[in-house]
Amino acid sequence: MKINLLHNWDLTYSQAVSLQRELAGMVQHQKIKTKPKTIAGLDCAFSKDGRKIIAVAVVLRFCDFELIETTNAIQNVTFPYIPGLLSFREAPVCIAAAEKLKITPDVFMIDGQGIAHPRRLGLAAHLGLFFDMPTFGCAKSRLTGQFEEPAQEKGAYTPLIDKNEIIGSIVRTRTKVKSVFVSVGNKCILDNAIEITLACATKYRIPEPTRMAHQYVSKLKLSI
């Protein structure tokens, strides 16, 4: 899979913050007009000692979520833990895993935030610019913004709002089960991200693409 080389990763804190603001202005909000035929899930995790980071990309057939391809990458951690700058820590290994894909999926679902971020550039938005393709975030928890809980039925959702701006949505993927946090990454709109998230939530709270990627990451983590 082809990746855009937007910038290097040898950055200071102030350089990273400035770059985030610049890249946030490059995110494209455009409707996905054609139903995806394939979807990729991407997740990462750290080794027990915190020195290495593992990423897994899976590509699934959208109609039945059959696994088509999986890749992984393992790298040394080179960027410190700084709240709000986690994508500078996690994106390089995610890019390395995605770059190995022989199949270019129609859309990426990332375990993380898209624009639902204080500077509107979470991991899914950051990666979306590198991938230059439809990408959105499906996170397990909130990073920023205020919201009201959606109704308890699967398919219910409410807006996530920060500074009078809708930055994402809280989506109920299973009835009476904790919601997930969905936000645009790049080249899609929030309605697309919600619709695809719900379509991929077949049995569990976590939609199949990121759930499967997480399973593979968890297995690899045990061997490091």
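Each value in this text was obtained by applying a stated rule to the coordinates, not by laboratory testing. All values derive from a computational prediction rather than experimental measurement. All Cβ positions, glycine included, derive from the backbone under ideal geometry; neighbour counts span all protein chains shown.
Quick notes on this structure:
- Residues satisfying the stated conditions in the stretch 144-172, i.e. without any contact (Cβ under 8 Å) to a residue 12 or more places away in the chain and within 14 Å of ALA201 (Cβ to Cβ): none
- So GLY41, is it loosely packed, with under 12 Cβ neighbours inside 10 Å and under 19 Å from the mean Cα position of the chain (by Cα): no
- Candidates ARG142, ARG61, ARG89: the one that is over 24 Å from ALA199 (Cβ atoms) and of a type in the set (Lys, Arg) is ARG89.
- Residue in the stretch 56-76 that is surrounded by the fewest Cβ atoms within 10 Å (Cβ to Cβ), counting only those that are of a type in the set (A, V, I, L, M) and farther than 22 Å from GLY114 by Cα: LEU67
- Applying the set (1) surrounded by fewer than 20 Cβ atoms within 10 Å (Cβ to Cβ); (2) under 30 Å from ASN4 (Cα atoms); (3) of a type in the set (Gly, Ala, Ser) to ALA124 leaves exactly one unmet item: (1).
- Residue in the stretch 3-17 that is out of contact with any Leu (no Cβ under 9 Å at 6 or more places or on another chain) and within 30 Å of LEU67 (Cα to Cα) present: yes
- For the stretch 173-224, taking the residues that are within 25 Å of ILE53 (Cβ to Cβ) and without any contact (Cβ under 8 Å) to a residue 40 or more places away in the chain, the one that is farthest from the chain's Cα centre (by Cα) is identified as SER223.
- Qualifying positions in the stretch 152-168 - of a type outside the set (Val, Ile, Thr) and within 15 Å of ILE194 (Cα to Cα): GLU153, LYS154, GLY155, ALA156, TYR157, PRO159, LEU160, GLY168
- Screening GLY112 with (1) in contact with a helix residue (DSSP H, G or I) (Cβ under 8 Å, 6 or more places away or on another chain); (2) among the small types (Gly, Ala, Ser); (3) touching a residue at least 40 places away in the same chain (Cβ under 8 Å); (4) under 26 Å from ALA55 (Cβ atoms) gives one miss only, at (3).
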